[in-house]
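Report on the structure given below.
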Amino acid sequence: MALIVQKFGGSSVANAERVKNVAGIVTDTYKAGNNVVVVVSAQGDTTDDLIEKAREINSKPSNREMDMLLSAGEQISISLLAMAIEDLGYPVVSLLGWQAGFETDSNHSAARIKKVNTSRLKKELDKKNIVIVAGFQGLNKYDDITTLGRGGTDTRAVAIAASLHADRCQIFTDVEGVYTSDPRKVSNAKKLNEITYDEMLELATLGAQVLNNRSVEMAKKYNVEVEVLSSLKRVPGTIVKEVTKLEKMLVRGVTKDTDVTRISIMAVPNIPGIAFKIFGRLAAKNINVDIILQSVGRNDTKDISFTIAKDHCDLALQTLKDFDLLDGLEIISDSDVAKVSVVGAGMETHPGTAATMFKALYEKDINIQMISTSEIKISVLIDKKDADSAVSAVHAAFFAE
Ligand code: ADP
Ligand code: ASP
Ligand code: MG
């Protein structure tokens with residue numbers, strides 16, 4: 001008998017018919033003699049709709065109250081799925097995050113899992129129940145509800161698989177697996193049979209929504225093999241796993257991220273310690289800086305540009321404005337930008353990947369504003385309006401038929 005963790009995203013439980021479909025998948029797994037823990041997201045656009053409801057009342061609600069509100073979405077979906085399974089005649093119990101033993105830190109709206117107390121989960125499994133757990137939500141040490149951030153249900157599923165030493169962790173979604181690019185945007189994107197943790201982590205961090213990046217980080221840390229597959233079509237998906245037996249592909253995927261703002265500080269004094277002081281202040285405010293570009297100093301000044309997540313823009317601008325060393329300097333922000341990236345472990349040992357990417361962009365007359373690279377990825381910052389055509393062109397350059 002195996003223990004299988006199955007996660008279903010919002011689109012997989014969007015309406016009654018989809019909930020019943022999921023109940024069918026879960027009970028088939030149970031019928032085959034397995035223990036099953038199911039982790040579920042809020043139905044369809046519920047989380048977005050709740051966010052909208054909050055905005056109608058308060059434009060800057062506290063994160064604590066947002067967590068209280070948003071966690072309601074998962075409470076609805078777990079109970080509905082449990083009812084669908086009851087209706088099929090199987091033993092089932094639904095649990096909220098805290099009932100399933102999820103302790104998190106107090107960073108409301110982006111909490112991190114601190115501990116999973118599995119005793120209740122184990123008790124329910126021993127009773128031969130199918131256990132349905134609410135994704136996304138947890139409890140902090142003050143007994144307040146927290147949430148793990150958007151897409152956090154993936155992380156919840158991997159955490160349960162890790163803490164119960166599950167035999168399999170399946171992430172069901174609305175596409176058949178991880179593709180070389182978003183299959184909804186790039187028509188000839190190919191499904192990958194396998195991908196390494198490191199590649200998937202880069203893809204997820206750089207905008208491929210199909211898995212949340214923290215879930216991949218956790219899967220790597222605890223060596224949980226994750227399968228991404230469709231809840232609508234029963235075909236094999238993509239296995240995310242350690243590197244060892246995987247053929248190194250030059251490029252495994254192309255992705256875009258439009259949740260980016262570029263900030264430029266013009267004519268900063270060209271003296272030691274400036275970068276330290278600017279980025280130290282941003283770090284103190286928990287602002288994550290991504291690509292950094294500094295011009296060569298001229299006439300005792302230099303320009304510094306960097307990118308951050310869009311929702312940190314106001315805080316970053318205020319932090320820079322409050323910094324007396326930058327008094328009177330021109331500070332520009334631009335949110336009409338996008339980051340397009342190629343990811344692949346093979347590029348580590350294969351020269352020319354960057355040139356292929358840049359040529360594809362040049363042929364579409366797309367201007368590159370910034371570039372950043374690591375061993376297994378190349379990212380460029382471009383105009384947001386060019387993002388989709390850039391992804392298609394770069395994808396075609398690496399995955400021509
Ligand atoms: P869920 O509701 O199941 O969590 P998400 O919407 O979060 O699903 O993620 C699935 C979506 O991710 C797909 O519908 C697809 O459009 C998008 N996506 C982006 N990049 C990729 C990729 N490289 N491979 C597969 N899907 C991708
Ligand atoms: N419902 C939450 C969201 O939409 C969590 C999740 O689906 O993973 O972000
Ligand atoms: Mg998701």
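The values are calculated or read from the model by the stated rules, or taken from the named source; none is laboratory data. Computed from a predicted structure; not experimentally measured. For neighbour counting, all protein chains shown are included, and Cβ atoms are generated from backbone atoms with ideal geometry for every residue, glycine included. Note: accessible area is taken over every heavy atom of the protein model, side chains too, but ligands, DNA and RNA are not part of it. Shrake-Rupley method; radii C 1.70, N 1.55, O 1.52, S 1.80 Å.
Points worth noting:
Here's the yes/no breakdown for (1) more than 20 Å from V133 (Cα to Cα); (2) more than 16 Å from ligand 2 (Cβ to nearest atom); (3) under 20 Å from the mean Cα position of the chain (by Cα):
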| position | (1), (2), (3) |
| --- | --- |
| G10 | no, no, yes |
| A16 | no, yes, no |
| I25 | no, yes, no |
| D49 | yes, no, yes |
| I57 | yes, yes, no |
| D67 | no, no, yes |
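- Selection count where residues are under 22 Å from D126 (Cα atoms) and part of a strand (DSSP E or B), scope region 1-53: 11
- Within the set L3, L50, the sole residue that is aliphatic (A, V, I, L, M) and free of Cβ contacts under 8 Å to residues at least 40 places away in the same chain turns out to be L50.
- Residue count for region 355-401, restricted to those that are more than 25 Å from the chain's Cα centre (by Cα) and among the small types (G, A, S): 4
- Residues that are on the phi > 0 side of the Ramachandran plot and open to solvent by 40 Å² or more (accessible area, probe 1.4 Å), drawn from region 267-285: A267
- Flag if S181 is among the small types (G, A, S), more than 15 Å from ligand 2 (Cβ to nearest atom), more than 27 Å from D28 (Cα to Cα) and at pLDDT 95 or above: yes
- A134 touching a residue at least 60 places away in the same chain (Cβ under 8 Å) and either surrounded by 16 or more Cβ atoms within 10 Å (Cβ to Cβ) or closer than 27 Å to D48 by Cβ (or both): yes
- Tally of residues being within 13 Å of ligand 3 (Cβ to nearest atom), open to solvent by 40 Å² or more (accessible area, probe 1.4 Å), in a helix (DSSP H, G or I) and not basic (K, R) across region 177-221: 1
- Enumeration of residues in region 341-370 that are open to solvent by 80 Å² or more (accessible area, probe 1.4 Å) and outside any helix (DSSP H, G or I): H350, P351, K364, D365, N367
- Residue match in region 151-158 (condition: buried (at least 22 other Cβ atoms within 10 Å of the Cβ) and assigned to a loop (DSSP other than H, G, I, E, B)): no
- Residue within region 75-82 that is within 16 Å of ligand 3 (Cβ to nearest atom) and not in a loop (DSSP other than H, G, I, E, B) present: yes
- Looking only at region 159-176, residues that are open to solvent by 50 Å² or more (accessible area, probe 1.4 Å) and assigned to a loop (DSSP other than H, G, I, E, B) come to 3 in all.
- Condition met for V337 (in contact (Cβ under 8 Å) with a residue 24 or more places away in the chain and within 26 Å of Y197 (Cα to Cα)): no
- If the condition is being in contact with a helix residue (DSSP H, G or I) (Cβ under 7 Å, 6 or more places away or on another chain) and open to solvent by 70 Å² or more (accessible area, probe 1.4 Å), then region 46-64 contributes no residue at all.
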